[in-house]
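Before any comments, here is the structure.
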Amino acid sequence: MRFKAILLHVLVMTSLLAAPVAAQQEEIQLVGFGDSLMAGYQLDPNQSYPAQLEAALKAKGYNVTVANAGVSGDTTSAGLSRVDWSVPDGTDGVILELGANDALRGVPPEQTEKNLDAIISRLKERGIPVLLAGMMAPPNMGSQYSTRYNDIYPRLAEKHDLPLYPFFLDGVVAAAGTQLEDGMHPNARGVGIMVERSLPAVERFIGEIRNTAK
């Protein structure tokens, strides 16, 4: 009888200790929502930012999927028109990367900010956390435009209390051997650098999602 009691105690303690571990291993479903920089323009699917990010996270022991909801050519206006159906129910978090095409087309920064604000608001209404990936205006747009544009992302992050990764293309812009022949889009190596640089921010984001879910 004593042996059975000890065995029962061991089994109960084992289940109690295993419960938090199992909870930590619940899959986190992220969505990368953006334009060609997210979609992986001219790259194999497994070379895109979401695919390489998922692989990097899994290599660090995270149980996570990163769906690719990037559409080449999308402006913030186009993103706003599809956000409701491009981000499925059950999504645990969104990495929002949009605005580069707005700058290339000279869209007024105020309109870009309005669209991003609406995208963030819709996701928040659905209870979906957002990691905002910032962009910077190309220098040929002039200093006045650049100042107005570059201030969009920090301002929105502060307004909505969002984590901000300041510049999605950090480490790639003007870096030799990291871009396609068009000189605008990252190649597979460039995407790898983007993943490496943004990984700490994404890990913190995942931590916030888990803490909120408790």
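A cut-off of 5 Å between modelled amide H atoms, ignoring neighbours fewer than 5 places along the same chain, links His185 with Leu180. In loop segments of segment 69-138 as defined by DSSP, the trypsin sites (Lys or Arg not before Pro) with at most 10 further C-beta atoms inside 10 Å of their C-beta are Arg105. In the chain, helices alone account for a calculated mean residue ellipticity at 222 nm of -17000 deg cm²/dmol, with every DSSP H run of four or more residues adding -39,500 (n - 2.57). Using alpha carbon centroids, what distance separates segment 180-202 and segment 114-166, in Å? What the calculation gives is 19 Å, centre to centre.
Going through [x] 39, 19, 14; [y] 28, 18, 16; [z] 31, 17, 16, the figure that equals semi-axes √(5λ) of the Cα gyration tensor in Å as computed for the structure here is [x]. Taking amide hydrogens as placed 1.01 Å from N in the peptide plane, the amide H of Ala67 sits under 5 Å from those of Leu30, Val31, Gly32, each at least 5 positions away in sequence or on another chain. With the highest mean first, a sort of the peptides 26-33, 40-47 on other beta-carbon atoms found within 10 angstrom per residue produces 26-33, 40-47.
Summary value for the chain: 19 percent relative contact order, contacts being C-alpha pairs under 8 angstrom separated by 6+ residues.
Here the spin labels are modelled as points 7 Å beyond Cα on the Cα-Cβ line, and at Glu125 and Arg189 they lie 4.5 nm apart. Over all other residues within a Cβ to Cβ distance under 15 Å of Leu180, the charged ones net out to -3, with Lys and Arg as +1 and Asp and Glu as -1.
Quick one: ranking Met141, Met135, Met184 by accessible area, 1.4 Å probe, largest first, what do you get?
Met184, Met141, Met135
If I build a Gaussian network model for the chain, linking alpha-carbon pairs within less than 10 angstrom, which residue out of Asp74, Asp161, Asp102 has the largest mean-square fluctuation? Most flexible of the set in this elastic network: Asp161.
The values are calculated or read from the model by the stated rules, or taken from the named source; none is laboratory data. Please read these numbers as outputs of a predicted model, since none were measured by experiment. A quick note on method: Cβ atoms are made from the backbone with ideal geometry, for glycine too, and the neighbour counts reach across all protein chains shown. Each accessible area value is taken on the protein alone, full model and side chains, heavy atoms only, with ligands, DNA and RNA left out. Shrake-Rupley method; radii C 1.70, N 1.55, O 1.52, S 1.80 Å.
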